[in-house]
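Presented below is the structure to which this report refers.
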Amino acid sequence: MELLDLLAWMKVSDIGTLSVILLLSMFVLLALGMPLGFASAFLAAMTLIMKFGPDILFRDFGRGPFSVLGQAVYRQMTNYVLISVPLFILMAALLERSGIARDMYASLNQWLSRTRGGIAIVTSIMAVIMAAMSGIIGGEVVLLGLIALPQMLRLGYNQNLAIGTICASGSLGTMIPPSIVLIFYGLVTETSIKALFTASFIPGFMLASFFIIYILVRTNLNPSLAPLPPENPDDPKGREKSLMFLGFLSLLTAGASILLTLRALFFTLTGENAVREGVDPIPLGMVSDFPWFIGAFVIALAIIFLVAGRDRSMRGWKMGKGLVAPIIVVGVVLGSIYGGITGITEAAGMGVIAVFVIGLVRREMTFEIVWDSVMRTLKSTGTIIWVTIGAAALAAAYTLVGGPTYVANLITSAELPTMGIILVMMVIFLIMGMFMDWVGIVLLIMPVFLPIVLKLPPAELGFLGSIDPKHVAIWFGVVFCMNMQVSFLSPPFGPAAFYLKSVAPEHISLTDIFKGFLPFIAIQLLALSVLLIWPPIVSLLLD
């Protein structure tokens, strides 16, 4: 009875006071080390008790306010797209343990070995390809830390440059499809995930380009930051190397042309690509595409035999064959999505099968690798699911007591201009990203912020150009992901630092790692500014 009296005494009717209590309680519980999922679930129950009193624990059991929490959790857990999350995690785990990533790094390094800062650039390009394969952040940072960091330190690269490149590039899975952050945003806000993937292509590759440009400029201004490796007299140089690379690309093009021709031929024989009114044509699978495939094949052969030469092309293939497996995986995952063949979840499953089959062909897929990958997937998925359950419950409870309406009125009553409101949200995202996991942020904050953004005048979003009102939710999702990109490097809890620390040499401290982040955080904020200044950048491919 004393407990019920204490809970009754804690009853709070003012939503503003309740919001402050919730915010402070969340930080206290996280500071005490309570996992975010359990902290959110506990505060969800306490929110209802403080608002409606302790008797809701026993009143209308199964039909009262607590049932709303159960329904919210049930909706999240039964969403079919959620299955793609463990599948993408499994794909990343298999890639990390197999030799696919190591061979890709070796091939890229051969092409860029004589470029100033070449190994750092190779690391960034490798991160982009890995992000396009799996969309997982932690595995990329760990893998790059194992492969690239020792190589850069051995060659005398500046430690801060090496650390920053690995962690900033390794977190590109946040922005580049198939991003799990975008998948969760789409689930929570009921926004088209395919549209989010399409919209994030340009911003994601823009950010990766910023990293590479920074590396090139800084290392050429200060060559001591990235010494060139000793020159091997047997390595191809200049025009010879360019022709070999051209021959390699031509062989890839010839192979892709054959595969696409066979695919279009299959659709033709089965009648699936017949032109019908009201039915979208199959991308790269129509009869009208045959001339393009045949033309590409003929041009590729002409380059191989008349320009690059057969011998150069075969040497180029030996140097670049490590890129073939990643290209196949990217083609399977993204090609099946944008080709209209499968949905997000099925594409993730196909990606896992592609990586597994490639590993079998390469004789690298052992039982131990598969078992370890499955165990890692279970651990990572379990963490994400518990955070999802707790955050979904807290979001439902806060919505039930009128929290979103209160926050919306609080922001709009401040009489800030449209971009002033957006900037306030950006600051909140950045601060919360320093202390909370992105899953909790998207589940807790997005149901509050997105309705506010959708009510703002679309013409007043940004400073250059105007965004179509139907793309506002997509734009805000991409902006949110760019914020989360910053959060992976932000002290004191930037997860990329701890991922790298787990595999870094002992002499590299967490302080050293965070120090290496600073220039790359500034680059990420620059990319975020581009999205805020010019919102139509996200709709260039949508239109």
Condition broken by I176, with the remaining ones in (1) free of Cβ contacts under 8 Å to residues at least 60 places away in the same chain; (2) closer than 21 Å to V538 by Cβ; (3) outside any loop (DSSP other than H, G, I, E, B); (4) not basic (K, R) satisfied: (3)
Going by the structure shown, is L94 more than 21 Å from S209 (Cβ to Cβ) and among the hydrophobic types (A, V, I, L, M, F, W, C)? yes
Which of the helices (runs of 4 or more DSSP H) found entirely inside the stretch 72-148 contain at least 1 residues meeting this: within 20 Å of the chain's Cα centre (by Cα) and modelled with pLDDT under 75? 84-97, 118-134
I need the helices (runs of 4 or more DSSP H) fully contained in the stretch 226-326, keeping only those with at least 3 residues that are more than 30 Å from I212 (Cβ to Cβ). 238-270, 290-302
Can you tell me how many residues within the stretch 256-284 are under 30 Å from the mean Cα position of the chain (by Cα) and at positive phi? 1
Say whether the condition of being under 25 Å from S490 (Cα atoms), open to solvent by less than 60 Å² (accessible area, probe 1.4 Å) and either without any contact (Cβ under 8 Å) to a residue 40 or more places away in the chain or part of a loop (DSSP other than H, G, I, E, B) (or both) is met by at least one residue in the stretch 402-418. no
Matching residues, the stretch 337-359, being under 20 Å from R102 (Cβ atoms) and surrounded by fewer than 16 Cβ atoms within 10 Å (Cβ to Cβ): V357
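Mind telling me which of the residues A127, A168, A120 ends up being within 15 Å of V329 (Cβ to Cβ) and open to solvent by less than 10 Å² (accessible area, probe 1.4 Å)?
None of the other options fit; the residue is A127.
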Criterion first (closer than 30 Å to G440 by Cα, touching a residue at least 12 places away in the same chain (Cβ under 8 Å) and part of a helix (DSSP H, G or I)) does L207 satisfy it? yes
Do we have any residue at all in the stretch 377-394 that's over 24 Å from the mean Cα position of the chain (by Cα), among the basic types (K, R), open to solvent by 30 Å² or more (accessible area, probe 1.4 Å) and over 29 Å from P535 (Cα atoms)? no
Report, ordered by the first and then the second residue, all pairs with beta carbons closer than 7 Å, sequence separation of six or more or different chains, a first member in the stretch 351-369 that is without any contact (Cβ under 8 Å) to a residue 40 or more places away in the chain and closer than 12 Å to I328 by Cα, and a second member that is of a type in the set (A, V, I, L, M) and open to solvent by less than 70 Å² (accessible area, probe 1.4 Å). A354/V329; A354/V332
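The values are calculated or read from the model by the stated rules, or taken from the named source; none is laboratory data. Please read these numbers as outputs of a predicted model, since none were measured by experiment. Backbone-built Cβ (ideal geometry, glycine too); neighbour counts: all protein chains shown. Side chains included, ligands, DNA and RNA excluded: accessible areas come from the protein's heavy atoms. Shrake-Rupley method; radii C 1.70, N 1.55, O 1.52, S 1.80 Å.
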